[in-house]
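Each remark here refers to the structure printed beneath this line.
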Amino acid sequence: MIFKFGLRTQIYLKRLKGIVVFSEGFVKFLKSEDNSNHLNVMEKVEHIGIAVRSLADAIPKYEQLLGTPCYKTEEVASEQVRTAFFRQGETKIELLESMSPDGVIAQFIEKRGEGLHHIAFAVSDIRAEMEKKKADGFQLLNAEPKTGADNKLVCFIHPKTTGGVLVELCQEKS
Ligand code: ZN
């Protein structure tokens with residue numbers, strides 16, 4: 001059976017398809033936990049990373065927006081970023097400013113402007129979780145856990161395999 005849709009309907013259907021494809025990718029990512037192993041789970045959203053041009057400008061703005069003071073700033077030299085943290089209940093907001101003009105955050109802002117950069121999930125065993133995600137077809141951006149801000153071991157997952165969201169796994173360093 002062939003339906004002829006008007007242009008507006010076609011555009012609408014195209015958009016709808018885009019949303020469905022995105023949602024399927026993200027749901028697949030969220031469901032990638034194997035319930036048979038309860039030790040390896042994405043425990044909670046640990047923090048949300050936001051790329052900003054200037055911490056000096058962004059910190060007072062976010063303090064006003066969130067109604068909570070920035071409790072820590074920290075440089076992560078290996079990533080060429082300066083970070084600022086806010087606590088929002090169980091979750092944190094992490095602002096990221098590039099320390100160099102060609103750092104990853106500078107490149108991100110150049111391409112996409114300031115804004116949402118990544119979502120970080122707490123895990124209890126980052127190596128096990130990395131193995132699992134790799135086996136499930138997600139592309140890890142670092143083969144070994146690396147030292148991130150806030151006393152964490154971190155690993156990033158490529159957004160092209162998670163429905164467009166840069167995902168961070170993070171484990172509290174013991
Ligand atoms: Zn982060």
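General observations
- Spatially close Lys pairs in the range 44-172, defined by Cα atoms under 17 Å apart and a spacing of eight or more places or different chains, total 13.
- The phi torsions of the range 107-115, fed into the Karplus equation with coefficients 6.51, -1.76 and 1.60 and a -60° offset, translate into couplings of 5, 4, 5, 4, 7, 10, x, 5, x Hz, rounded to whole numbers, with Gly and Pro shown as x.
- In the range 38-148, inverting the average of 1/r over every pair of distinct C-alpha atoms gives 15.2 Å as the Kirkwood radius.
- Peptide packing for 45-54, 108-117, 159-168 was compared via the average number of neighbouring C-beta atoms within 10 Å per residue; ordered from the highest value, the list is 45-54, 159-168, 108-117.
Every number in this text was worked out from the coordinates using simple rules, so none of it is lab data. Computed from a predicted model, the values in this text were never measured in an experiment. Virtual Cβ from ideal backbone geometry, glycine too; neighbours counted across all protein chains shown.
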